[in-house]
Each structure stands twice: as structure tokens, then as C-alpha cells.
Amino acid sequence: MLRALDIRGFVLIEESSVDFADGFTVLTGETGAGKSMLVDAIELLVGGRGDAAAVRGGAERAELAAEFDVDPKGALAAWLAERDLSGDPGQVILRRTVDGSGRSRCFINGHAATLAQLKEAGEYLVDIHGQHLHQSLLRAAAQRELLDAQAGAEPLASDARNSYRDWKRLEAIAAEAQKNYAAREAERAEIQDRVTELKRISPVEGEWERVAAEHSLLQHGSSLLAGAQSALEALTESEGAALAQLSAVASRLRALSAHDARLGPIVELVESAAAQAGEAVRELRHYASRVDLDPDALRAVEDRIEALHAAARRHRVRPEDLPQRHAELEKRLAELELAVDPEALQREVAAARLRYEAAAKKLTARRQHGAQALSKAVTAGMQQLAMAGGRFEVLLKKLDEPGAAGAEEVEFQVASHPSLPLRPLARVASGGELSRISLAIQMVAAKASPVGTLVFDEVDAGIGGSVAETIGRALRSLGKERQVLCVTHLPQVAANGDQQWLVVKSASRGKVNVQASLLNRAARIEELARMLGGSESTARKHAAELLDAG
């Protein structure tokens, strides 16, 4: 929900900051004071049209910023993360500047963003209801989504959407398969031969390194054995063998060390060398006993190396990459075996279409039930909002070609008077009527709507008295479900607010400025008395009564 709104250099506002609370907030002030400028600022921040007229005279640019509290695990958080526009968890900050030439710059959580992104983010945050303002309920997609949410049809809508995508995906594969059947069959046959060859060879991961090392050992077995035996002879068996010489030297030096202690460390070095030479002899004997001179084993390894080399040349890869190539070819073969059977694919397409039609049929039935309930509830709400005899109907129009959203188009239709025919909601001309109809819809669908902040402008146009009290109570009730901001001229509506801001226009040094201030109880009584008119004392008394009743 909207927590703070900062405005600088915007139309008549030099600088203003408004901190909003939960619940129902009213904005009041004299006619022409600039109350709607706050709504205009919010609308600009969620992607509304901006031009040079937005810049206050004498200012370089208009600067607007809004801070929202959001669900850190909600849909908007996911949307922001996908676009690298995330900020602090649970918070979204929108900022927009408009310069004197009408050029805009947009920011989301400090990141530069496009106007389209600002508008899309705004659709998660704010619904503005009023004349000449963007209203999500005028969009066909929003009407369909609201009906689905109210009817509990969202899981069915998701099933239909996924089934439709599966159907169309298989349909595209089938069309491609039919178009390229000959080419794919030739490719399939070639890959089948390659896979058969590789299956016969059966290369495994790490095999090439292993057989190469084994081949080196077998190929040089004779020279390796001869070298080991020669080393053993030099160390132990020949005249003047190294091991015997080291032992003799160690004995002589040890005897001499009795006469000169400085020979002690040298004796230890020679004895250590003799011990290491002895260890080398033992290791060489063990090594020589394990050298393989089997010519059959060498031929088998050479045959395997040649087979791997030949396969690698044919597949144009390194021998060590043959296992990966084998896996790639098997995967491609599986794809082609599916694609080259047009009849099997057509059967799959037909089955997928039947699954979609079944899902769409369930969705239609749920929508029909939900449309009746929503029509009845909103019509009842209209009777309390100075639209006696008005009607609201959710029309489901069957599509010639069903789509991902189902087999029908959802359209909200209204008649604000008994003598008028039903017309699409988007064609309602009166801003006041549109606001009240939207209010009636929102009152019914508040729990289903994901938007956290609702803004109403001109909701009280052309009404008063008991109807105004009804609207005030309705907005206060709606404020328990969502944050509600309302620009109003009616004291009966204003008295129901959880908080009230007074918007005042003043002139100083030839310049006009608009400021907003939060009212305490005493100030609210004074403002409500002004709105009521009449004698001062009577108006104050009535204002206090309204405030107490609200």
C-alpha cells in the first residue's frame, strides 16, 4: 500500500510530502484548491501521460516519488526480480521526473526503467477510479481476471491456459514435421546409423585416458623391465654395488667418528642414503614383478584405440568426447523419431485439443456461475449508490476461435438507469457514474483484487444526503480490506475517513502554491463545518455529530 508521496515542482505544488496510513483516507478542500493534483501525481507515477504542463512555472522539472509497502513474496516482487528492478524487501519506490520539454525519466527502486515498466508495476499497486483517469476495470483482461478471482476460477483458468499452450505447441511440431518430413527422415536414418555404431563401440566416460595409459605401459613393457632389472643389478648384484658400497662407507665413518664427533652427522647422512637405497631395491623388485609383457593384451588395447580413433574421425570429435557425442545423438534421434511420424503426432494433437476443450468447458461453467453471482451483487450495490434501477451484468461472449484465456470473452455491462440499455462499462460517459459503479464492483471483489491501494475521484458527483452517508460507510468498509484514498466534496463521506488531509491553495509574491496538511479532530470539525455550510455554530455541531457517527 502507498506509504508516502513526495512532490516537487508539479503543476501548482512547489513542494509537498504526504504520509498515508492504512484504511480510508479522505482528501478535502475548497473547489479549485488542487485536491485532484495529488491524484494526478499518483497517476503520473504509475505510468500516466506526462507533458511539459506538469512542470510548475519557474521549475526546471517536476519530481515525483512514491513509496509502497508490498508483499516480499508476492507477484510484484517476482516481476521486479525477473527484470533486475528489485529493491529493499517489502518495499517499492517509484520515481518520475518530467522536464520543461515534456521528456520523462522513470525509476523503480533506484533503477532506470521504461515508462511501460512503470505502468506495468503500477498495475500491481494502484487502481484509480475517476473521470479521465486510467482504470484497470476498463481493460478486458482485468475484467476477466476479476471474474475468475471472484468465481474461484483461477486454477481452472491456469489449467485451460496450460492445456491451450500444449495443444498449440504440438500443433506447431506436427505442422513442422509434415513440412519437413523427407528431410527429417533422411536425418533420422543417418543418425540411427551413427547411434548403432556408437552403441557397438560403447565408449564410456574416462575410457580414452585409461586405455592410452595402459597402451603406454604395454608398449614399453620390455624396456621398462630391462631398466628396472639393470637398476637392481647396479644397486645390489654387480661388483661394487651401490648398496654394499654405501654400507661399507657408513661402517668406516662410524668407526672414525669415535675419534672426531664432527663425523657423526655425516655418518647419519650416509646411513640414511643406504636405507633409502634399500627401500628403492624393494620397490624395484615389486615393480619388476608386475610389468606386463603379454602381447595379446597389447594387441587388444591397440585394437580398442584404433576403434575409438576411427569413430572419433567419423564423428569429427576428439576420442575422449565420444561418450558426450553418443548422448547428443541419442537425444536428437528421440526427437526425430517423434517428429517423423505425422500420424502419431496428429493423434497427440487431437488428444491435446480434447484436453483443452475439457478444461475450457469447466472454466466456462465456473465463469457462468460466477457471472450470475457477481452481476447480482454489483446490481444490489448500485441501488445504494444513487443508481436506483441500475443494472450490472457480466456478459460471456463465445469466441469463434478459443484461446489461452478460454472459450469466451468477458465483458462488464451496465445500465445506470432503468430506461437505459446495457452498455459496455468502458463506454460509460459520466465520471461520477463510472466511479460509483467501480466502487460497487470493488466492494464485492475487494477480497479477490490483488491491488493494495484504491483511489476514488469524483465518487460523490451529483449525489448527497443519505446516499452520501452510504458511500462514506461503504468506503470505510472497503478500507478494512484495502487502502482507500478518496477526493470528496461531501462531508458525509469525509466524516467516515480514518484520516483526513486538507488541500489548500494560497498565493504569495505573485505565485500560487498548493499544500496538504493532516487534520486533527478539532481541525476536522472546522473543515467538515465549512463543507456543510449554514450557520457557524450549527455547522460545527453537525460536523462533530458526523465525525462521532463515522
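The values are calculated or read from the model by the stated rules, or taken from the named source; none is laboratory data. On a predicted model such as this, the values are computed, not experimentally measured, just so you know. Every residue, glycine among them, receives a Cβ derived from its backbone with ideal geometry; neighbour counts consider all protein chains shown.
Would you point out the residue of region 304-359, among those that are of a type in the set (Gly, Ala, Ser) and more than 30 Å from Ala407 (Cβ to Cβ), that is modelled with the lowest pLDDT?
Step by step, filter region 304-359, then rank; the result is Ala307.
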### Task
May I ask you to list the residues in region 200-211 that are in a helix (DSSP H, G or I) and in contact (Cβ under 8 Å) with a residue 40 or more places away in the chain?
Ile201, Glu207, Trp208, Glu209, Val211
### Task
Taking Leu76 as meeting all but one of (1) farther than 26 Å from Ala516 by Cβ; (2) without any contact (Cβ under 8 Å) to a residue 40 or more places away in the chain, write down the number of the exception.
(2)
#### Entry: Filter result (among the hydrophobic types (A, V, I, L, M, F, W, C) and part of a strand (DSSP E or B)) within region 393-437
Val394, Leu395, Leu396, Leu399, Ala407, Val410, Phe412, Val414, Ala415
### Query
In region 361-391, which residue that is touching a Ser or Thr at 6+ places or on another chain (Cβ under 6 Å) and surrounded by 22 or more Cβ atoms within 10 Å (Cβ to Cβ) is nearest to Ser163 (Cα to Cα)?
Gly390
### Message
Residue under question is Glu348, and the condition is that it be farther than 24 Å from Tyr164 by Cβ, of a type outside the set (A, V, I, L, M) and in contact with a helix residue (DSSP H, G or I) (Cβ under 6 Å, 6 or more places away or on another chain); does it hold?
### Response
no
### Condition check for Gly48: closer than 14 Å to Ile13 by Cβ and part of a loop (DSSP other than H, G, I, E, B)
no
### Query
How many residues does region 266-300 contain that are of a type outside the set (Ser, Thr, Tyr) and modelled with pLDDT of 70 or more?
21
### Query
Does any residue of region 359-379 turn out to be without any contact (Cβ under 8 Å) to a residue 24 or more places away in the chain, over 30 Å from Glu411 (Cα atoms) and in a helix (DSSP H, G or I)?
no
### Message
Out of the residues in region 243-263 meeting the condition of being among the hydrophobic types (A, V, I, L, M, F, W, C) and in contact with a Leu (Cβ under 8 Å, 6 or more places away or on another chain), tell me which one is modelled with the lowest pLDDT.
### Response
Leu243
### Message
Residues that are closer than 14 Å to His326 by Cβ, surrounded by 15 or more Cβ atoms within 10 Å (Cβ to Cβ) and of a type outside the set (Val, Ile, Thr): does region 206-216 have at least one?
### Response
yes
### Query
If you take the residues of region 137-168 that are in contact (Cβ under 8 Å) with a residue 60 or more places away in the chain and among the charged types (D, E, K, R), which of them is nearest to His315 (Cα to Cα)?
Asp166
#### Entry: Where a residue in region 395-409 is touching a residue at least 12 places away in the same chain (Cβ under 8 Å) and closer than 12 Å to Ala359 by Cβ and its partner, wherever it lies, is among the polar types (S, T, N, Q) and not in a loop (DSSP other than H, G, I, E, B), with Cβ under 6 Å and at least six apart
Ala407/Thr364
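A quick yes/no check of all residues on (1) touching a helix residue (DSSP H, G or I) at 6+ places or on another chain (Cβ under 6 Å); (2) buried (at least 20 other Cβ atoms within 10 Å of the Cβ); (3) at positive phi:
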site: Ser16; (1), (2), (3): no, yes, no
site: Leu27; (1), (2), (3): yes, yes, no
site: Thr31; (1), (2), (3): no, no, no
site: Ala52; (1), (2), (3): no, no, no
site: Phe68; (1), (2), (3): yes, yes, no
site: Gly90; (1), (2), (3): no, no, yes
### Task
Would you please list the contacts, defined by Cβ atoms under 7 Å and residues six or more apart or on different chains, that run from a residue in region 420-433 that is modelled with pLDDT under 90 to a residue that is surrounded by fewer than 14 Cβ atoms within 10 Å (Cβ to Cβ)?
Gly431/His132; Gly432/Gly462
### Query
Restricting to region 54-66, what's the tally of residues that are part of a loop (DSSP other than H, G, I, E, B) and either surrounded by 21 or more Cβ atoms within 10 Å (Cβ to Cβ) or in contact with a helix residue (DSSP H, G or I) (Cβ under 9 Å, 6 or more places away or on another chain) (or both)?
1
### Query
From the residues in region 170-190 that are within 32 Å of the chain's Cα centre (by Cα) and touching a residue at least 12 places away in the same chain (Cβ under 8 Å), which one is surrounded by the fewest Cβ atoms within 10 Å (Cβ to Cβ)?
Glu176
